[in-house]
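Scroll down for the structure; my scribbles are underneath it.
Each value in this text was obtained by applying a stated rule to the coordinates, not by laboratory testing. Nothing here was measured: the structure is a model prediction, and the numbers come from that model. When we count neighbours, we look across all protein chains shown, and the Cβ atoms used for this are built from the backbone with ideal geometry, even at glycine.
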Amino acid sequence: MKIVIIGGVAAGAKAAAKCRRLLPDAQIDIYTQEKYVSYSACGMPYYIEGNFEDWQKLIVRPIEEFEKSGIHIHILNRVTEILPEEKKIVVNNLETNETYSVNYDKLVISTGSTPNLQHFQNLNFKNVYTLKTLEDAVKIRNKMRESDNITIVGGGYISIELSEAFVKNGKHVDLMEKSPHILTAFDDDISTIIEKYITENSNGLVELHTEDSVSRFHGDEYVRKVTTSKGLEFETDMVILATGVKPVVDIAQKAGIELGPTGAIKVNSRMRTNFPDIYACGDCAEKIDILSNTPLWVPLGSTANKEGRVAAINLCGGTEDFEGILGSAVTRYLDLNISITGFTEKRAKKFGFDAVSVVITKKDKAGYMPEVENITLKLTAGRRTHRIMGAQGIGCGDADKKVNNISMALVQNMTVEELLDVDFTYAPPFSTSEDILLSAGRLLKAKLSG
């Protein structure tokens, strides 16, 4: 069998490795327009910050290891066309400009995502960056070291992680978000707490400009000044555009591969497209929201790895389903852990659910322990069903662990009453005698009971 994979970062590399284990004699080829495969994109902000000096530590598996296992890597080779009826792809070698075709028996599309810059014009400045590849990370880190004032456009996870990196290096950051709050995946009351923490704990190095956007970049070869839609002006040494990403689906769409309502490639639970021998996984593929059973698109490295594995199992003749996601995510800003799973209150209501929430702040361990910190937890459930629908956790304590507990509850369709029956562990260095999840559950049960 000849297996061809387009793209080789998370999903593509995972699919290739799994295919090799399942089909030792198969021919497996990865085609990528990048110089590297199998690297940790999620680790790039921490390289930029300076947690480690060698960017090559982000490479999970070197090309040489793939080749030793019989997986052939074709770097700097862009796939320009898929011909499903002929079971063939067309490839352009970016070094020689040669165009050639490759046959396949099974095809995996893992083309990932790309920065969404549709709202910007005239970006031909040498100090405007996006963070997508390893080369981007190296360029941003080098430029950061010679900069004093940095502008970040966008208020999502990457923006928060880069703000942390820049502040830890003593840089001043102007962060712009067009929405009323940063981290729009969270409810506004939780985002407000996060904003307060960032403002109060950054030694004056971060200025948040919400409900504002770039009106104009001023400069010649380099941006020197930014004007915002509210009329603010500030000098800058470099600009990071972190305004979200979109799935890379152009060649798939051109080939007649069906897209879903989110704009990503539509796949079934076995990662198969509308062509039986073509699979898609990772950031280019559409997901299913477990809670609402509707299509959604959330690009996460953890999901990409799961999908790559499932695609490989099925194209190799096995049967395994990927049932969907909850949108679980975690990040941090300095000592503040920020985590989410399932529905927020506003998202639940957007889908027509009658949602009820409580917010509670509590110590993460016994109050007399020296390392004790606060956690704020927002727990959401359905008014009629009492079914738990989601959680948002922030705090300098282990908020992410509590959110992970709720992600398990969501998969099991647990009610608030069932959560209260869970036997959580307790010892003073680890938790309070009544875990914050139980405290939140009791509050929510009382609210649901009127």
Residues 138, 245, 79, sorted so that the one with the fewest Cβ neighbours within 10 Å comes first: 138, 245, 79
Violating pairs (Cα-Cα greater than 22 angstrom) within the set 35/132; 350/378; 35/254; 246/349; 168/306; 2/87: 35/254; 246/349; 168/306
Fewest-first ranking of 209, 74, using other Cβ atoms within 10 Å as the exposure measure: 74, 209
Cα-derived Rg to Rh of the stretch 209-263, Kirkwood definition: 1.22
Rounded to whole Å, sorted largest first: equivalent-ellipsoid semi-axes of the stretch 1-145, Cα gyration tensor: 30, 20, 12
Lys/Arg +1, Asp/Glu -1 at C-beta; the chain dipole; positive extreme among 60, 183, 404: 404
Cα-Cα separations in the stretch 91-142 greater than 15 Å, expressed as whole percent: 70
The stretch 1-156: relative contact order as a whole-number percent, Cα under 8 Å and 6+ apart: 25
Computed Kirkwood radius, in angstrom, where 1/r is averaged over Cα pairs of the stretch 128-243: 14.3
Radius ratio Rg over Rh of the stretch 339-378, counting only Cα atoms, Kirkwood formula for Rh: 1.19
Part-to-part distance (alpha-carbon centres) for the stretch 308-360 and the stretch 83-127, which is given in Å: 29
Over the stretch 335-448: Rg over Rh, Cα atoms, Kirkwood Rh: 0.97
Sequence ranges 390-400, 248-258, 90-100, ranked by mean other-Cβ count within 10 angstrom, highest first: 390-400, 248-258, 90-100
Projected-area average for the stretch 392-450 over all orientations - Cα convex hull basis, square nanometres: 4.3
Rounded to 5, percent antiparallel among DSSP beta bridges of the stretch 209-361: 90
Only Lys, Arg (+1) and Asp, Glu (-1) charged, at Cβ; the stretch 335-448 dipole about Cα centre in debye: 680
Whole-number Å³ per residue for the convex hull built on Cα positions in the chain: 166
Distance (nanometres) between label positions extended 7 Å along Cα→Cβ at residue 302 and residue 323: 1.6
Debye equation applied to the C-alpha atoms of the stretch 52-208, log10 I(q)/I(0) at 0.12 Å⁻¹: -0.77
Volume per residue that the Cα convex hull of the stretch 119-193 spans, once the total is divided by residue count, Å³: 112
DSSP beta bridge pairing in the chain, given as percent antiparallel to the nearest 5: 60
Lys/Arg +1, Asp/Glu -1 at C-beta; the stretch 335-448 dipole; positive extreme among 392, 353, 382: 353
For the stretch 243-388, the spread of Cα positions along each principal axis, largest first, Å: 61, 37, 35
The stretch 128-243 - percent relative contact order, Cα under 8 Å, separation 6 or more: 34
Computed E for residue 76/residue 21 - FRET, C-beta separation, R0 41 angstrom, nearest 0.05: 0.90
